[in-house]
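Structure record follows, encoded as structure tokens.
Every number in this text was worked out from the coordinates using simple rules, so none of it is lab data. Keep in mind it's a predicted model, so treat the numbers as computed, not measured. A quick note on method: Cβ atoms are made from the backbone with ideal geometry, for glycine too, and the neighbour counts reach across all protein chains shown.
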Amino acid sequence: MTQFTSDKEAADALHNSYRELTSEISKVIVGQDEVVRLVLTAVFCQGHCLLVGVPGLAKTLLIQTIASTLDMSFNRVQFTPDLMPSDIVGAETLDKDRNFRFVTGPVFANIVLADEINRTPPKTQAALLEAMQEHAVTVAGHKYDLPRPFFVLATQNPIEQEGTYPLPEAQLDRFMFNITLGYPSYESELQIVKNTTGAAVNQLRKILHADDILAFQQLVRRVPVTDNVVEYAVKLVHQTRPNMPMASKQANQFLEWGAGPRASQHLIVGAKCNAILNGKYSPDIEDVQEVALPILRHRIVRNFKAEAEGVTEEHLIRELL
């Protein structure tokens, strides 16, 4: 790991590393630049991501590709209706000497891909709650720390809802970003088909190691931010809370619940990271606005009037911005 003489030098290194990462990832992932930017932002902010999109949009491939460019351990868990909590966190077993020994589950990795997280019952979804928040799991009264850094990158299919279990609000709030993936453009899809129907296989370089990620995470926390940017972020969150003193007209009309304090925290940390990735040393209001949609999208709850009139979360957030 490189030692930096100043935070300015470290910020420049993070900016350059980000450009290297996106260049390497673009060898496999085409036309999802915004999604890649948000996932990498979450990685540098110690956050977790939920990727929502219809089948075939390369959600799983995107996460596997990002993991391939980071020199860290990676595990994938395919969520199914019969998956048990012990299948994720691990369990105590008897060894040949008849002593209990803890066998770690797939959650003991730096990057955990939770594929189709809404396909498993709530008790198994809840097994991830402690891991995501505390970076540790408790089994049979013993606490086991997870490796650092630690990220959960989950995918969800919004179309087929039969036999699925929607994530509870408490668990959704653990995700820093809720990222929606759209269909690729015509030009992007042409490139995807050309890239994936030939014999060529892309070998990706490892750009960053675990120690680099930890250092950059600390750097992001140290980025200075002016009071007016913090006030803007907190005011934005307060405007989503219906029947409160600072509530906006749209929130009172169309929202049942607004975002909590965790949204304000993520807005500032996300803005700090976004500023560095864009070559700046301190965030401004535009940086808050760039991360606001994926941070607020899953933290506001529409009322019946909004659903009846087809008013989406995205529309309400853009009105506030």
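Before moving on, here are some points about what is shown:
- Rough spin-label spacing in nm, given labels placed 7 Å along Cα→Cβ, for Arg221 and Lys27: 3.3
- Phi-derived couplings, Karplus 6.51 cos²θ - 1.76 cosθ + 1.60 at θ = phi - 60°, listed residue by residue for the range 304-321: 5, 4, 5, 5, 5, 8, x, 7, 8, 4, 4, 4, 5, 5, 5, 5, 5, 6 Hz, with x used for Gly and Pro.
- Relative contact order, percent, the range 225-320 [alpha-carbon distance under 8 Å, six or more residues apart]: 30
- Top positive-direction residue, dipole computed over the chain with Cβ charges, set Asn303, Leu128, Ile179: Leu128
- Sites Ala140 and Leu190, calculated FRET efficiency, Cβ-Cβ separation with R0 41 Å, nearest 0.05: 0.15
- Extension gain for the segment Thr80 to Asn243, taken as residue separation times 0.36 nm less the Cα-Cα distance, is 54.7 nm to one decimal.
- Ranked His48, His142, His209, criterion: other C-beta atoms within 10 Å, fewest first: His142, His209, His48
- Total charge dipole magnitude, the chain, about the Cα centre, Cβ charges on Lys, Arg, Asp, Glu only, Debye to nearest 20: 300
- A crude spin-label estimate for the pair Glu314 and Asn202, with each label 7 Å from Cα along the Cβ direction, gives 2.4 nm.
- Efficiency of FRET from Cβ geometry, His209 and Lys96, R₀ 41 Å, rounded to 0.05: 0.65
- In a fully extended conformation the segment linking Gln253 and Thr104 would gain 48.8 nm over its present Cα-Cα distance, using 0.36 nm per residue.
- Ellipsoid fit via the Cα gyration tensor, the chain: semi-axes of 30, 26, 23 Å, each the root of five times an eigenvalue, largest first.
- Along principal axes, Cα extents of the range 225-320, largest first, whole Å: 44, 25, 19
- Neighbour counts of C-beta atoms inside 10 Å place Arg221, Arg174 in the sequence Arg221, Arg174, starting with the fewest.
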